[in-house]
Amino acid sequence: MGVYEEKKQTCGTICLKYLLFTFNFFFWLAGVVVMGVGLWTLLVKSDYISLLHSNTYAASACILVLAGIIVMVTGVLGCCATFKEQRRLLRVYFVLLLCIFLLEIIAGVLAYIYYQQLNEELKQNLKKTLIQKYNSTSNDHISSAVDKLQQEFKCCGSNNSSDWKENRWIMDTGRKVPDSCCKTRTEKCGVRDHPSNIYKVEGGCITKLEKFIQDHLKIIGAVGIGIACVQIVGMVFTCCLYRSLKEGPY
């Protein structure tokens, strides 16, 4: 009877080991995805981050990058802990899983909170940014971001093209709008604000930028909370294997 119980326990431990190893392999891949989403937001879409008054959007992406790196390291550690059957490593692995879980929940919650606040922030700050900082000293990165925004989304101004009438650089150069408002961009094409020349009837950029950022916040939130939920499975497997090893011979 004792031999049977020992064999049964050994088989259970082996099954848990391979389940946890499989989990860690996919968990490592998930870490690559999480880090990739964070880096993509920070690097590829970094121009638009400079147009936002709040740092919450960038902070959510940074948390995902950090979580992704820790996930990849933790995945390797989990594989080592599983095959070496060391309870000490399993404890460290479980604590790291818990830390990553909290980080990703925080990223998801931040993304959700900022999603709710985004409309009001853009209403309050985007027009002010365009008027005060476009083509002003030491704000080249913002000017570049605005030009990219208007060309990529085929829009002009915050609410409409008339927003540009208050910009000092526009008034000093005799333009009606920046050249990036033009449908076909050429030097000083912004002196003419006819709808055939600029994105006038298409409206301002505020609603398009808001939709763009909200779509990305949904991705950040979904990735963070989705991976966090998967980690619960890993923590359950870890606890089961730890208990199995604790009850068996050291």
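Residues in the stretch 145-167 that are within 15 Å of Cys205 (Cα to Cα), part of a helix (DSSP H, G or I) and touching a residue at least 24 places away in the same chain (Cβ under 8 Å): Ala145, Val146, Asp147, Lys148, Leu149, Gln150, Gln151, Phe153, Ser161, Asp163, Trp164.
Looking at the stretch 195-215, is at least one residue outside any helix (DSSP H, G or I), of a type in the set (Val, Ile, Thr) and modelled with pLDDT of 80 or more?
Looking only at the stretch 195-215, we keep the residues that are outside any helix (DSSP H, G or I), and these are 195-205.
With the extra rule that they be of a type in the set (Val, Ile, Thr), the set shrinks to 198, 201.
Within this subset, residues satisfying the condition of being modelled with pLDDT of 80 or more are 198, 201.
Yes, the stretch 195-215 contains at least one residue that is outside any helix (DSSP H, G or I), of a type in the set (Val, Ile, Thr) and modelled with pLDDT of 80 or more.
Scanning the stretch 87-102 for residues that are open to solvent by less than 40 Å² (accessible area, probe 1.4 Å) and within 26 Å of Lys218 (Cα to Cα) yields Leu97, Ile100. Checked against (1) among the polar types (S, T, N, Q); (2) more than 12 Å from the chain's Cα centre (by Cα); (3) in a helix (DSSP H, G or I), Ser136 meets all criteria but (3).
Residues are listed down the side, and each one gets a yes or a no for (1) surrounded by fewer than 19 Cβ atoms within 10 Å (Cβ to Cβ); (2) of a type in the set (Gly, Ala, Ser):
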position	(1), (2)
Phe27	no, no
Asn55	yes, no
Cys62	yes, no
Gly68	no, yes
Thr74	no, no
Glu85	yes, no
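Residues of the stretch 168-194 that are part of a loop (DSSP other than H, G, I, E, B) and out of contact with any Ser or Thr (no Cβ under 9 Å at 6 or more places or on another chain): Gly174, Arg175, Thr184, Arg185, Thr186, Glu187, Arg192, His194.
If you scan the stretch 118-144, which residues turn out to be under 18 Å from Glu210 (Cα atoms), aliphatic (A, V, I, L, M) and without any contact (Cβ under 8 Å) to a residue 40 or more places away in the chain? If you could, list the steps in order and put the result at the bottom.
Our first condition is that a residue be under 18 Å from Glu210 (Cα atoms); within the stretch 118-144, this holds for 118-130, 142.
Still in the running and aliphatic (A, V, I, L, M): 118, 122, 126, 130, 142.
The answer is Leu130, and nothing else.
Condition test on Cys182, is it closer than 21 Å to Leu52 by Cβ, open to solvent by less than 70 Å² (accessible area, probe 1.4 Å) and at pLDDT 90 or above?
no
The lone criterion from (1) within 25 Å of the chain's Cα centre (by Cα); (2) of a type in the set (Phe, Trp, Tyr); (3) at pLDDT below 80 left unmet by Phe83 is number (1).
What residue, of Tyr112, Tyr57, is touching a Gly at 6+ places or on another chain (Cβ under 6 Å) and either modelled with pLDDT under 80 or over 23 Å from Phe25 (Cα atoms) (or both)?
Working: Tyr57 fails: touching a Gly at 6+ places or on another chain (Cβ under 6 Å).
From the options Tyr112, Tyr57, the qualifying one is Tyr112.
Looking only at residues in the stretch 36-53 that are open to solvent by less than 10 Å² (accessible area, probe 1.4 Å) and modelled with pLDDT under 80, the one that is nearest to Phe25 (Cα to Cα) is Thr41.
The values are calculated or read from the model by the stated rules, or taken from the named source; none is laboratory data. Fair warning: this is a prediction, and the values are worked out from it, not measured in the lab. Glycine gets a Cβ as well: all are built from the backbone with ideal geometry, and neighbour counts include every protein chain shown. All accessible areas refer to the heavy atoms of the entire protein, side chains included, with ligands and DNA or RNA removed. Shrake-Rupley method; radii C 1.70, N 1.55, O 1.52, S 1.80 Å.
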